[in-house]
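For reference, the structure is listed below as C-alpha cells.
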Amino acid sequence: MTAVNVVASRVAARLPARKYLLVVVIALWVAGWALLRGRDTLQLGGAELTPLHVSLSEGMDAVDDSRNSNPFFLYFINYIRLFLDEAVTFVQALISQPSFGRPVPVLGWLGVVGVATAVAFLYGNRKVALLTAAGFLSFGVLGLWQESMDTLALTLTAVALSLAVGIPLGVWAGLSDRFHRVVTPVLDFMQTMPTFVYLAPLTLFFLIGPASATVATMIYAIPPAIRITAHGIRQVSHETLEASTSLGVTSAQALRHVRLPMAKQTIIVGVNQTIMAALSMATIAALIDAPGLGKTVLKALQTLDVGTAFNAGLAIVIMAVVLDRVTSAASRRVEAERRAGRQRTVLGRRLEVAGVLGGVAVLGYLSYTYVWAAEFPIEANLGSYVRRAADAASLWVQDSLVTYTDALKNLLTNGLLNPFETLLTDSPWWLVAAAAVAIALLVGSVRAALVTTAGLLVLVLLGLWQDSMVTLASTLVATILVMVLGVIIGVWMGRSDRADTVLRPLLDAGQTMPAFVYLVPILGLFGPTRFTAIIAAVVFAAPIAIKLVAEGIRRVSATTVEAATSAGANSWQLISKVQLPMARSAVTLAASQGLIYVLSMVVVGGLVGAGALGYDVVAGFSQHQLRGKGLAAGLAIVVLGIVLDRVMRAATERADAAAHGGLHGR
Amino acid sequence: MTVPSVAERSATDTDSPPVLAVRGLWKVFGPKAQSVVGSTLTRKELKEQTGCVAAVRDVSFDVRRGEVFVVMGLSGSGKSTLVRCLTRLIEPTAGEVLLDGEDVRKADDRRLRELRRHRMAMVFQHFGLLPHRCVLDNVAFGLEIRGVSKQQRYARAREVVGLVGLNGFENSYPDQLSGGMQQRVGLARALAADPEVLLFDEPFSALDPLIRREMQNEVIRLHHEVGKTMIFITHDLSEALKLGDRILIMRDGELVQVGTPDQVVGAPADDYVRDFVSDIPRSHVLTLRWIMRPPQPGEALDGPALGPDVVIRDAVHAVLSADRPVRVMDGESLLGVVTSAEILEVIAGGQHQ
Ligand SMILES: Nc1ncnc2c1ncn2[C@@H]1O[C@H](COP(=O)(O)OP(=O)(O)OP(=O)(O)O)[C@@H](O)[C@H]1O
Ligand SMILES: [Mg+2]
C-alpha cells in the first residue's frame, strides 16, 4: 500500500516537470532540424533498392522456385491452395462464371435472385426479402452482374470456411479459459495488423488469385467469428448452467441443450460481423487479383475514372447493406420466435418453406434453361448512366467547391502536414530517433522507449526510413483530425439523445462499408494527393472514435453531472471539467483505435497518390523487381503500428495512474 | 390460510439412519486450499495470511428422512457453498457427505451424475430456467437428459406442473411468467425426477413478500403431499421458523447451533444466535414445555389439560380464561403447570430477553 503511495506521489510530483521536459525535447529537435537540415535523412528514391530489398526479392524468388520441390509446399500448402481455388471456382461456376461446358453459369440471374430472396425470407422476414430482391436486381441494372457474383462467390466461400473454423474455435474459447487466454492476443494481432500487409506474403505461398484472396479474407473474417461466439458461450447465465449441472447433464449435453441455444442469437451477430468483414476484405483482395467488384474499383482508381469507381462502389455498398440487413433480421428473428412461442404450427411453417422452395426451383430451372433468365438483359443495364452522372456530379462538385476544398486542403497541408513532414523527414534520422525515444520515455514508460528504439532501428535497417517518416506524418495528422472529430462529435452525441439518434445510423453505415468505397467520392473531391489519403483515413477511422467517445460521455454517472450542475457549472465547464476528464479512458481508447484504423488505410492511400510506404506496398504487388521492397514496406507499417500502439498504451497507463493518485488526494 | 404448526408437522423419523450425513466438511477457496483445512485462525486472519477464504469450516450434521432442514445465517456465512458441496456443484475441500451411507465425494463422474439425476435436486435463487424452452420442456429437461422417452417425460412433466399449480401454462416461456411462477417451474423441474432430497438455495428471496408467503405455504403443502426431505437455505429467520423442523445456524462458515425452532429461540447457543432471534415473538415459537413450572403445594390441579408441545400463542386463550392453573400433561403424567403469570411474562418481556 505504502509503495503504491510513494510511486503515485512521485508521479504526481514529476508531472509538471515532464511537461517542461517535453517542451525542451521538442525545442531541441526543432533547433537541430534548423541546423542540420537535409543531413543524414536516409533518402531512397521510388525505384531505388537497398541490398536488403534485393535479397528479400531473391528470397521470395527462391520460395517461388521451391514451390514444386519443397515438401512443405508439396504436401501442405499446395493442397490448401488447390482446395481453396477449387472451392471458389465451384461457387463461381454456380453463380458467376461459364461452367460445365455451358456459356453461362449454372444459375442465371433469375435463379440467384430467387435463391437470395428465399433465404432472406426464410431466415429473415418479408421486408428484407424485398430489399434483397431489389438489391440483387440492382447489380444487374448497374451492369455489374458478373462482377457482383464473383465478389459474392469469394465472400460466401470465405465466410463458409471462416465459420467452419471460427465457430468451433469460438466455442472452445468459450469453454476453456486457457484457450481463451492463448487465442485472445493472436486475434488482437490479426485484427490490428493492417490488412494490406499480409496480402503480399500470402501470394508468396498461395500465388496470386482466389486462394490467396480467400486466405486473406479469412484472416480478416475469422477473428469476429471466434470472439463473438466465445462471448456468446461465456455470457450464458452461470445459474442456468449450475441448475443444469445439478440435474446431472454431461458436458456435451450442457453444450448442446444449454450453451449453444442460449448463445445462438449472439453467434448470429458474429456471423453478421464475419460476413461484413469478409465482404470488405474480398474487395480489397482485388490488389492480389481477386475477381469481382473490387477489381473494377481498383482499376478505375488507378485510371482516376471516378464514374466507374462510383458505379462499382455503389454495388459494393448495396451488397453490404443487403447482407447486413438479412443477417441482422435473422438474429432478431431468433429472439422474436422465442418470444412468440409456438404460435405458428409446425405444419404452417413447413407449407411455407415448401412453397418458397418450389418457387425457387422453378426460377432456378428457368435460369438454367433459358438465356433470358440466365444473362441479365442488356436493355436494363443503366450502368453507363450512373457512371456518366457520377462523373458529371464529381466534376460539378469539384468546380463549384474548388475554393473550399482547396482552402481546406491548403490549410491542412501547409498548416499541419507539411511542418510535421518536414520536421520528420528533413532532420537527421538519429535526431528524429533520439527525440522519439525521449518523447516515448516522457509520455510513456521505459518499456515504451525501448520498443520505440528497437522499432526505429528496424525501420533504418529496412532501408525505408524516409518513406516511414512520410507515412508517420500522414498517420499522425490523420489521427489528430480523427480525435478532433471524435471529441467534438462524440461529446455532442454523448450529451444529446437527438444527435445520437441522427448520427448513429450514419456511423454504423460508415463502419459496415468496405474501405475501398470511401476513396471514390473523396478522390472526386480532392484529386490524387496525400491529402485525399488522409481524408479517406479520417472518414474510415472517425466513426469508431466518435462512438467510443460518445459511449464514454454517456457512462459518466448522471448523479455526478447533476451535482456539478447544481454547483452552478455551465455547459462548457461541465464538458471540460467533469465529462471529458471522467471519460478520459474512453477518449484514449478512441485515440488508439483511431490510430490503428488510420494506419490500416495507409496502403489504400498509396493507391491515390499518398506515396511512401503505401505506394511501396502497392508497387510491390504490380512490379516483380519491387517485391522485396514491398515486403519491407509492409513490415515497416507493422513496426510503426506496434511502436505507436505501445507508446499510446503506456501513455494511457501513466495518465490513469496519475489520475488515480490525484483522485485520492495523494 | 392456516398453516400446520411445527409440532403437528414433525412426521420425521428420528430413529432410522439419516438420509444425509455431513462429517467435518470444509470448503476453502484460494491457493493451497488443502493446507488451510483444520486451521483455527479466524476468517479475516486467514484471508490476510494465506489469501484463502474458508467458506465452510468443519461443519457436521445429520438430516433425517422426511424433515425440512433449514440452514440459515447472514450473507456470506457460507450457506450457498455448503448446499452446493452436498451435490458437489462446488467441490468440497475436506470431509464426508454421506447420502444413505454412500460417500458422495468418492463418486466418480458417472456415479455423481446418477446421484444428481435420481437422488437430489436443487431449486435456485434466480430460477436458472432455460429461456429458449417452454415450461413443459423446462420441467422435462432433467428427464430428457437421462433418456426418458418423449411421451413418458411429458406425461410426468404435466403431472408435476399440475402439482405446483401451473396448469395451463405448459407452453408459456419463462420470460412470460412472473417471478413466483418461474420459481414454481424451478420447483416442478426439481420434483420431476422424484428425488429423495430437495435442496433450496434461498429460493424465495428474489420474490416480493406476498408471493414469498404464498410460495412458502406451497412448499409446506408439497412437503405434506410428497413428503420429501428438504434442505432449505434462507437468511430470513421467520422463513426458517415457519418451514424448518430443525434449523442450523452458520456464522463465518462455522456451525453455531442446530436445533428445533423452539430450541433456537428458547435456548440460543450464544450471543450471535440470541441477537439473531431477538426480534421474534417468543410466544409464536416456544411451546408450553418452555414456560411450565412444577406445581406449588396447595395449587389446584384440576384445571384444563394441554400437551407440552402446544405453542404458547395457541394456549393463551385457554390459560387466561381458566380460573385455575392449566396442567401440562404428557399422556397420563403431569409435567407441570402454566398460569397467566407465565404467559404474560413471555408476551410482555419476550422480545427483549
Ligand atoms: N468462487 C468463490 N471464490 C472465492 N470465494 C468465494 C467463492 N464463492 C464464495 N466465496 C466466498 O465464500 C464465502 C461464503 O459465500 P456464500 O456464497 O456461500 O455465502 P452465503 O451464505 O450463501 O451468502 P448469501 O446470503 O449472500 O448468498 C463468502 O465470503 C464468499 O466471498
Ligand atoms: Mg447464497
Mean residue ellipticity (222 nm) of the protein assembly as shown, computed from DSSP H runs ≥ 4 via -39,500 (n - 2.57), nearest 500: -21000 deg cm²/dmol
Chain B, dipole about Cα centre (Lys/Arg Cβ +1, Asp/Glu Cβ -1), debye to the nearest 20: 1340 debye
Cβ-based charge dipole, chain A, positive-most Cα from A:S280, A:V538, A:V561: A:V561
Distant-in-sequence amide H partners of B:V337 (H built 1.01 Å from N, under 5 Å): B:R293, B:V328
DSSP H segments from chain B that extend 18 Å or more along their own axis, Cα-based, with Kyte-Doolittle mean of -0.5 or above: B:179-192
Relative contact order for region B:283-351, counting Cα pairs under 8 Å that sit 6 or more residues apart, in percent: 36 percent
Extended-chain gain in nm, criterion 0.36 nm per residue less alpha-carbon gap, B:E114 and B:A341: 76.0 nm
For region A:429-581, accessible area per residue (1.4 Å probe, heavy atoms of protein chains only), Å²: 42 Å²
Qualifying chymotrypsin sites (Phe, Trp or Tyr not before Pro) in region A:65-100, DSSP loop, other Cβ atoms within 10 Å at most 15: A:F100
Under 5 Å, built H, 5+ apart or other chain: amide partners of B:R246: B:V68, B:V70
B/A buried area, accessible surface, summed, 1.4 Å probe, Å²: 2200 Å²
Per-residue ³J(HN,Hα) for region A:192-207, Karplus 6.51 cos²θ - 1.76 cosθ + 1.60, θ = phi - 60°, Hz, x for Gly and Pro: 8, 5, x, 4, 5, 5, 8, 4, 5, x, 5, 5, 4, 8, 10, 6
B:L199 long-range amide H proximity, modeled H, under 5 Å: B:A121, B:M122, B:V123, B:I231
Carbon/sulfur fraction of accessible area - the protein assembly as shown, other protein chains in place, 1.4 Å, %: 61 percent
Potential lengthening between A:L52 and A:A34 on full extension [0.36 nm per residue; Cα-Cα distance subtracted]: 3.3 nm
Heavy-atom SASA rank of A:W492, A:W396, B:W26 (probe 1.4 Å, accessible area, largest first): A:W396, A:W492, B:W26
Gyration tensor over alpha-carbon atoms, chain A, equivalent ellipsoid semi-axes in Å: 43, 34, 26
Relative contact order (%) - region A:181-269, alpha-carbon pairs under 8 angstrom, separation at least six: 27 percent
Farthest toward positive dipole pole in region B:189-277 [+1 Lys/Arg, -1 Asp/Glu at C-beta], among B:A267, B:G227, B:L207: B:G227
In order through region A:19-29: 3J(HN,Hα) via Karplus (6.51 cos²θ - 1.76 cosθ + 1.60), integer Hz, x for Gly, Pro: 4, 5, 4, 4, 4, 4, 4, 5, 4, 4, 4
Distance (nanometres) between label positions extended 7 Å along Cα→Cβ at A:F90 and A:T303: 3.6 nm
Three-way shape label, region B:283-351, alpha-carbon gyration tensor, a/c 1.5: prolate
Vicinal HN-Hα couplings computed from phi for region A:176-187 (Karplus, 6.51 cos²θ - 1.76 cosθ + 1.60; Hz; Gly/Pro x): 10, 5, 5, 4, 4, 5, 6, 7, 4, x, 4, 5
Additional length obtainable on full extension of the chain from A:R67 to A:R178, 0.36 nm per residue less Cα span: 36.3 nm
Lys, Arg +1 and Asp, Glu -1 on Cβ, resulting dipole of region B:283-351 about Cα centre, debye, nearest 20: 120 debye
B:L74-A:Y385 FRET efficiency (beta carbon distance; Förster radius 45 Å; 0.05 resolution): 0.05
Rough spin-label spacing in nm, given labels placed 7 Å along Cα→Cβ, for B:H235 and A:Q573: 4.2 nm
Taking chain A and dividing mean pair separation by its residue count, relative contact order in percent (alpha carbons under 8 Å, at least six apart): 21 percent
Assigned charges on the beta-carbon of Lys, Arg, Asp, Glu; the protein assembly as shown dipole about Cα centre (debye): 1140 debye
Leading residue at positive end of dipole, the protein assembly as shown (Cβ point charges), from B:S333, A:A17, A:G628: A:G628
Spin-label pair A:F189/A:F76, simplified geometry with 7 Å Cα→Cβ offset, distance in nm: 1.6 nm
Qualifying chymotrypsin sites (Phe, Trp or Tyr not before Pro) in region A:122-220, DSSP loop, other Cβ atoms within 10 Å at most 15: none
Region A:61-128: C-alpha gyration tensor shape, a/c 1.5 cut-off, then a/b vs b/c: prolate
Sites A:L22 and B:Q176 - FRET efficiency at Förster radius 56 Å, r taken between beta-carbons, to 0.05: 0.35
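The values are calculated or read from the model by the stated rules, or taken from the named source; none is laboratory data. Not measured: the values here are computed from a predicted model. Don't worry about glycine lacking a Cβ; one is built from the backbone with ideal geometry, like all the others, and counts go over all protein chains shown. Areas reflect the complete protein model, heavy atoms only, side chains present, ligands, DNA and RNA absent. Shrake-Rupley method; radii C 1.70, N 1.55, O 1.52, S 1.80 Å.
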